[in-house]
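The values are calculated or read from the model by the stated rules, or taken from the named source; none is laboratory data. Quick caveat: nothing in here was measured; it's all calculated off a predicted structure. Reconstructed Cβ throughout: ideal geometry from the backbone, glycine too, with neighbour counts over all protein chains shown. Accessible surface is based on the protein model in full, side chains and every heavy atom, while ligands, DNA and RNA are left aside. Shrake-Rupley method; radii C 1.70, N 1.55, O 1.52, S 1.80 Å.
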Amino acid sequence: MATASSSDSDSGRAESNEANSKWLDAHYDPMANIHTFSSCLALADLHGDGEYKLVVGDLGQGGQQPHLKVLKGPMVLTESPLPALPAAAATFLMDQHEPRAPALALASGPCVYVYKNLRPYFKFSLPQLPPNPVEQDLWNQAKEDRIDPLTLKEMLEGIREKAEVPLSVQSLRFLQLELSEMEAFVNQHKSKAIKRQTVITTMTTLKKNLADEDAVSCLVLGTENKELLVLDPEAFTILAKMSLPSVPVFLEVSGQFDVEFRLAAACRNGNIYILRRDSKRPKYCIELSAQAVGLVRVHKILVVGSTQDSLHGFTYKGKRLWTVQMPAAILTMNLLEQSSRGLQAVVAGLANGEVRIYRDKALLNVIRTPDAVTSLCFGRYGREDNTLIMTTRGGGLIIKILKRTAVFVEGGGEVGPPLAQATKLNVPRKTRLYVDQTLREREAGTAMHRTFQTDLYLLRLRAARAYVQALESSLSPVSVTAREPLKLHAVVQGLGPTFKLTLHLQNTSTARPILGLLICFLYNEALYALPRAFFKVPLLVPGLNYPLETFVESLSDKGISDLIKVLVLREGQSAPLLSAHINMPVSEGLAAA
């Protein structure tokens, strides 16, 4: 009976969570075997039939078998192997011809593979780089059998450590071989020309000349040799080339290539560089305190996720606008754009299994998933406009659909910054007195500052004198000498006329006991009477608190009180080691009588 009631309550709680959620659970497959990143996900109407497909650049289990997968609903429509691990996927319109079906671009290794109607259309390869001249000379000597493989390996290792130009793939493979395999490798490759090829690290799209949603777009590539390339969408020639101080890993663009555009590149050196049209070098630089794990443009703000578990908002000129701390590490980020409500927000997948949605620094919604999300994208999928697609660390696939009645409200997630933080203060208007005072401060600013400095110096001098006097007369309850490290405080109990006075004396040294101390009370004999005004202190063991009790009899019936001074003395010395001034309370017993 109890089990049945427990299951009913659990199901009722699940139904309540489902009713309160802004999302519909469309599909969840923990065994989908999809391992990818957000940059390798794209949604597009590949056939021009209004049915949007999901394009996945799948790295494969352990990065061993990369594939290009196209999903329709929860099912895999097509799957084809890739020669290298994918770096990014993007869909773009190449021309204005009908039907207006977008092309698919997949960056993998040094190439960009372009597909139309899911069929191979074009392959763009990055231009080769000039090889290291010293490396070229070594392989020429090996070709003529003037150096042996062991000498070749030693010379190539020296080049790899010191040369600015990196080695070719052929030389790097040679350096990984065992001694028995080197000679066969040299005989096989010594007649081949040295080729140094870079690879693509990131890719995005840039509108060519119109800002329309269905306008022709160019491909923007970031390469391992610290360059940005803009490709023509039809001929796939390089329209522009820009240099960066480091290797780009995330790209965000706005504008049109033929008019004006701004490009933000997050690089491996922890900086974000801003470039504009006709600029070969970065115009602005945003220095981050940690490595970037994601970069998303929301309107005119760059939202950056860092390895310090935080989101930062920057302008394109590098001004930091806000910072939000996350409860766990950020694994992936992407843009959530709900066109029907004019909403743009950032979706961040965290290592604790949460997916958080932020508009600026305001938390809008929190989604909890069975496993940590490593990639996500939002957009039209199938015939649903607002679909959130997520893949998990274990290879699972999660599809959620935003309810048509869902409205994101600031603070609708979990605890974030208080609403009062964004409320503008009601600053009063400037009065005539305020203006006159401001003019006076402006005219007599130097004299006012000198007066302030004089008073400050006098205050410091009086404080120093009082401190020295307290040390010399031992007015402090804590001993300042290293020979007798003591601490004293007193507690008065009772309503009167008899009070109980307890002195707590402690030896604060680490290992040395203290012996031969005396306690002395100084008081007004017309107001108070003590049974013992002078007594010896027992041996003080280090670290222990010794309570010393005595009684104080109030003699006055006029309701007045006075100070009682407590002195801690050393036998044979007149100067006290410690002193305490006790403000005695008024005797309520005599006052009532």
Any idea what angle helix 445-472 forms with the longest principal axis of the chain, computed on alpha-carbon atoms, 0 to 90 degrees, nearest 10?
-> 60 degrees
For Ala328 paired with Arg450, estimate the spin-label separation in nm (one decimal), with each label point 7 Å from Cα along the Cα-to-Cβ line.
-> 6.5 nm
Of 21-27, 225-231, ordering from highest average Cβ density within 10 Å down gives 225-231, 21-27
Roughly how tilted is helix 149-162, in degrees to the nearest 10 and between 0 and 90, from the longest Cα axis of the chain?
-> 50 degrees
Compute the whole-percent fraction of alpha carbon pairs in the chain spaced more than 30 Å apart.
-> 70 percent
Given a 1.4 Å probe and every protein chain left where it sits, what share in percent of the accessible area of the range 478-583 is carbon and sulfur?
-> 57 percent
For the range 478-583: relative contact order, % (alpha-carbon pairs under 8 angstrom, 6 or more apart) | 29 percent
How much length is gained if the chain between Lys195 and Gln176 is pulled fully straight, taking 0.36 nm per residue apart and subtracting their Cα-Cα distance, in nm to one decimal?
-> 5.1 nm
Please state the relative contact order of the chain as a whole percent: Cα pairs under 8 Å, 6+ residues apart?
-> 9 percent
Separation between the Ala290 and Thr510 pseudo-spin-labels, each 7 Å from Cα along Cα→Cβ, expressed in nm?
-> 3.7 nm
Here the net charge surrounding Asn365, from other residues whose Cβ is less than 9 Å away from its Cβ (Lys, Arg +1; Asp, Glu -1), is +2
Quick one: if you stick a label point 7 Å off each Cα along the C-beta vector at Leu522 and Glu183, how many nm between them?
-> 10.1 nm
Grab the Cα-Cα distance for Ala211 and Asp258, subtract it from 0.36 nm times how many residues apart they are, and report the gain in nm with one decimal.
-> 15.8 nm
Going by a ≥ b ≥ c, the root eigenvalues of the Cα gyration tensor, does the range 478-583 fall in the rounded group (a/c under 1.5), the prolate group (a/b larger than b/c) or the oblate group?
-> prolate
To the nearest 10 degrees, the tilt of helix 432-443 (Cα long axis) against the first principal axis of the alpha carbons of the chain is 90 degrees
If the chain between Val468 and Glu441 were fully stretched, how many nm would it gain, using 0.36 nm times the residue separation less the Cα-Cα distance?
-> 6.0 nm
Using only the Cα atoms of the range 252-307, what do you get for the radius of gyration and for Dmax, in Å?
-> 11.5, 36
Counted charge near Tyr457, where neighbours are those whose Cβ lies closer than 15 Å (Asp, Glu -1; Lys, Arg +1) | +3
